[in-house]
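Trainee: Input: one structure, supplied below.
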Amino acid sequence: MSTAQQVPDILSPEFAADPYPAYRLMRDTSPLIWHEATQSYIISRYEDVERVFKDKNGEFTTDNYDWQIEPVHGKTILQLSGREHSVRRALVAPAFRGADLQEKFLPVIQRNSRELIDAFRNSGSADLVNDYATRFPVNVIADMLGLDKADHARFHRWYTSVIAFLGNLSGDPEVAAAGERTRVEFAEYMLPIIRERRENQGDDLLSTLCAAEVDGVRMSDEDIKAFCSLLLAAGGETTDKAIASIFANLLLHPDQLAAVRADRDLIPRAFAETLRHTPPVHMIMRQSATEVKLSGGTIPAGVTVTCLIGAANRDESRYRDPDRFDILRDDLTTTTAFSAAADHLAFALGRHFCVGALLAKAEVEIGVSQLLDAMPDIRLADGFDPVEEGVFTRGPQRLPVQFTPVTAA
């Protein structure tokens, strides 16, 4: 087993600027690292991260979420296991697939995307991050839940605070305190709305969650509040960064952008390859339940394991030429890329596979297609080179583009 000194530290400015060379070094020479600052074992190879996520032998738990996410969300479905987890997942999952997604929420997604694009479609320029990506998924989720989109600024501040808390690897006390304040503020905002919605149900997602029942189990107000908090943070931050990263990748590869523009059926391929090549979430933590042997050594029971998705998704033992962005690569299966059978690791795998993966796919397909319709000759602003930022979550913070305005249909 290696120590963190042999590779750039994950808390260093060098790593934050460009983690990919460090990821390669970890995979090649230090696949298991004890990291003193985060008190965790870091793993970087595809086979190891996949094993942790699939967890076929009960070797890993989400017990780490008691301290990692409960302080900001309350107790969520991510912390549950066994029947308790399967019942809770059965309560929330139907809203994110099948008829509900198609009939109820696709129009919501289309409308919210169009409204944002209308604000800049005639201007000839936009920042796809600030004008679109950071707003779109949060607006969609608020609309789905039947919340007031006028509270967008508050939602965005809350989820930004939550993501900062989750990525607070250095233990900054101010970031921790802000995250815990967010939990209180969100509860004060959300619980009265949940109680009112139980009395006056509509056809929104919040009403569906209030009414849902499986095997005689219903969600408590606290359950629903925690799930909505998780949905806003996870669904906001990840889709935000995914949309920005898709366009950054395509704009840097004009031939692939032209292919997607000509054939919108390639959008899921572009999304799947973006999730592999530049995933929105670069690391997820688990806790070992038993002593486990992984590449590079053995980890003891009861310790935190930091799974580097950003490293595993570029493992040359799994993907050919892994640092190359290629929407047509034949070693990434698009048909399963948004299910628990995915071969990239951006949504995790196994029983804790992202429940909102199909919602994210729908948002990206609709959003990218509408943006290309409005900006058929989209190009990077003169002199601008997209730069990823972030360690826990990662993506462009700005993406200024230029285009020739077209008349809306």
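The values are calculated or read from the model by the stated rules, or taken from the named source; none is laboratory data. As the structure is a prediction and not an experimental result, all values here were calculated from the model. Glycine also receives a Cβ, built like all others from the backbone with ideal geometry; neighbour counts cover every protein chain displayed. Note: areas computed on protein heavy atoms with side chains; ligands, DNA, RNA excluded. Shrake-Rupley method; radii C 1.70, N 1.55, O 1.52, S 1.80 Å.
Trainee: Quick check on segment 258-265. Is at least one of its residues modelled with pLDDT of 95 or more, among the basic types (Lys, Arg), under 29 Å from Asp127 (Cα atoms) and open to solvent by 20 Å² or more (accessible area, probe 1.4 Å)?
Mentor: Filtering segment 258-265 for residues modelled with pLDDT of 95 or more gives 258-265.
Of the ones still in play, those that are also among the basic types (Lys, Arg) are 261, 264.
Restricting the remaining residues to those that are under 29 Å from Asp127 (Cα atoms) gives 261, 264.
Keeping just the survivors that are open to solvent by 20 Å² or more (accessible area, probe 1.4 Å) gives 261, 264.
Checking segment 258-265: at least one residue is modelled with pLDDT of 95 or more, among the basic types (Lys, Arg), under 29 Å from Asp127 (Cα atoms) and open to solvent by 20 Å² or more (accessible area, probe 1.4 Å).
Trainee: Applying the selection to segment 324-349, what residues are hydrophobic (A, V, I, L, M, F, W, C), open to solvent by 30 Å² or more (accessible area, probe 1.4 Å) and under 18 Å from the mean Cα position of the chain (by Cα)?
Mentor: So in segment 324-349, the residues hydrophobic (A, V, I, L, M, F, W, C) come out as 325, 327-328, 332, 337-338, 340-342, 345-349.
Going one step further and asking which of them are open to solvent by 30 Å² or more (accessible area, probe 1.4 Å), we end up with 328, 340-341.
The answer is Ala340, Ala341.
Trainee: Taking the residues in segment 118-138 that are in contact with a Phe, Trp or Tyr (Cβ under 7 Å, 6 or more places away or on another chain) and surrounded by 16 or more Cβ atoms within 10 Å (Cβ to Cβ) as candidates, determine which candidate is nearest to Val368 (Cα to Cα).
Mentor: Of the residues in segment 118-138, the ones in contact with a Phe, Trp or Tyr (Cβ under 7 Å, 6 or more places away or on another chain) are 124, 126, 128, 131, 138.
Within this subset, residues satisfying the condition of being surrounded by 16 or more Cβ atoms within 10 Å (Cβ to Cβ) are 126, 128, 131, 138.
Values: Ala126: 14, Leu128: 11, Asp131: 14, Val138: 16 Å.
Of everything passing the filter in segment 118-138, Leu128 is nearest to Val368 (Cα to Cα).
Trainee: Quickly run through segment 134-163 and pick out the residues that are aromatic (Phe, Trp, Tyr) and at pLDDT below 90.
Mentor: Phe155, Trp158, Tyr159
Trainee: Note down all Cβ pairs under 6 Å where the first residue falls in segment 115-136 and is free of Cβ contacts under 8 Å to residues at least 40 places away in the same chain, the second is in a loop (DSSP other than H, G, I, E, B), and they're at least six residues apart or on different chains.
Mentor: Leu116/Arg135; Asp131/Phe120
Trainee: Another question about this same structure. Run down Glu389, Glu363 and say which single residue is of a type in the set (D, E, K, R) and buried (at least 19 other Cβ atoms within 10 Å of the Cβ).
Mentor: Details: Glu389 fails: buried (at least 19 other Cβ atoms within 10 Å of the Cβ).
Exactly one residue qualifies, and that residue is Glu363.
Trainee: As an exercise: evaluate Asp377 against (1) open to solvent by less than 30 Å² (accessible area, probe 1.4 Å); (2) free of Cβ contacts under 8 Å to residues at least 60 places away in the same chain; (3) of a type in the set (Asp, Glu) and give the number of the one condition it does not meet.
Mentor: So Asp377 meets the others, but not (1).
Trainee: Name the single residue, out of those in segment 139-192 being surrounded by fewer than 17 Cβ atoms within 10 Å (Cβ to Cβ) and of a type in the set (Asp, Glu), that is farthest from the chain's Cα centre (by Cα).
Mentor: Top of the filtered list is Glu188.
Trainee: When segment 194-224 is examined, which residues are found to be more than 26 Å from the chain's Cα centre (by Cα) and either modelled with pLDDT of 85 or more or among the β-branched types (Val, Ile, Thr) (or both)?
Mentor: The answer is Arg195, Glu196, Arg197, Arg198, Glu199, Asn200, Gln201, Gly202, Val214, Val217.
Trainee: Sort out which residues of segment 292-323 are out of contact with any Pro (no Cβ under 8 Å at 6 or more places or on another chain), surrounded by fewer than 19 Cβ atoms within 10 Å (Cβ to Cβ), part of a loop (DSSP other than H, G, I, E, B) and in contact (Cβ under 8 Å) with a residue 24 or more places away in the chain, and write them in order of number.
Mentor: Val303, Ser317, Asp323
Trainee: For segment 5-41, how many residues meet the condition of being small (Gly, Ala, Ser), assigned to a loop (DSSP other than H, G, I, E, B) and either touching a residue at least 12 places away in the same chain (Cβ under 8 Å) or open to solvent by less than 10 Å² (accessible area, probe 1.4 Å) (or both)? Even if it seems obvious, please write down each step before you answer.
Mentor: Initial filter on segment 5-41 (small (Gly, Ala, Ser)): 12, 16-17, 22, 30, 37, 40.
Keeping just the survivors that are assigned to a loop (DSSP other than H, G, I, E, B) gives 12, 30, 37.
Subsequent filtering for residues that are either touching a residue at least 12 places away in the same chain (Cβ under 8 Å) or open to solvent by less than 10 Å² (accessible area, probe 1.4 Å) (or both) retains 30, 37.
So the count comes out to 2.
Trainee: State all residues of segment 42-52 that are open to solvent by 10 Å² or more (accessible area, probe 1.4 Å) and either in contact with a strand residue (DSSP E or B) (Cβ under 9 Å, 6 or more places away or on another chain) or part of a loop (DSSP other than H, G, I, E, B) (or both); if no residue qualifies, say none. So that I can check it myself, show each step before the final result.
Mentor: Applying the first criterion (open to solvent by 10 Å² or more (accessible area, probe 1.4 Å)) to segment 42-52 yields 45-47, 50-51.
Of everything in segment 42-52, those that are open to solvent by 10 Å² or more (accessible area, probe 1.4 Å) and either in contact with a strand residue (DSSP E or B) (Cβ under 9 Å, 6 or more places away or on another chain) or part of a loop (DSSP other than H, G, I, E, B) (or both) turn out to be Arg45, Glu47, Arg51.
Trainee: Also, quick follow-up: Let me confirm something: among Leu372, Leu345, Leu359, which residue is in contact with a Phe, Trp or Tyr (Cβ under 8 Å, 6 or more places away or on another chain), touching a residue at least 60 places away in the same chain (Cβ under 8 Å) and assigned to a helix (DSSP H, G or I)?
Mentor: Values: Leu372 fails: in contact with a Phe, Trp or Tyr (Cβ under 8 Å, 6 or more places away or on another chain); Leu345 fails: assigned to a helix (DSSP H, G or I).
Going through Leu372, Leu345, Leu359 in turn, the sole match is Leu359.
Trainee: What about Ala234, is it crowded, with 21+ Cβ neighbours inside 10 Å and either assigned to a loop (DSSP other than H, G, I, E, B) or modelled with pLDDT under 80 (or both)?
Mentor: Numbers: crowded, with 21+ Cβ neighbours inside 10 Å: yes; either assigned to a loop (DSSP other than H, G, I, E, B) or modelled with pLDDT under 80 (or both): yes.
Answer is yes for this residue.
Trainee: Right, something else. List pairs: first residue in segment 188-209 and free of Cβ contacts under 8 Å to residues at least 12 places away in the same chain, second residue part of a helix (DSSP H, G or I) anywhere in the structure, Cβ distance under 7 angstrom, at least six positions apart or on different chains.
Mentor: Here the result reads Gln201/Ser207; Gln201/Cys210; Gln201/Ala211, each pair linking segment 188-209 to a residue that is part of a helix (DSSP H, G or I).
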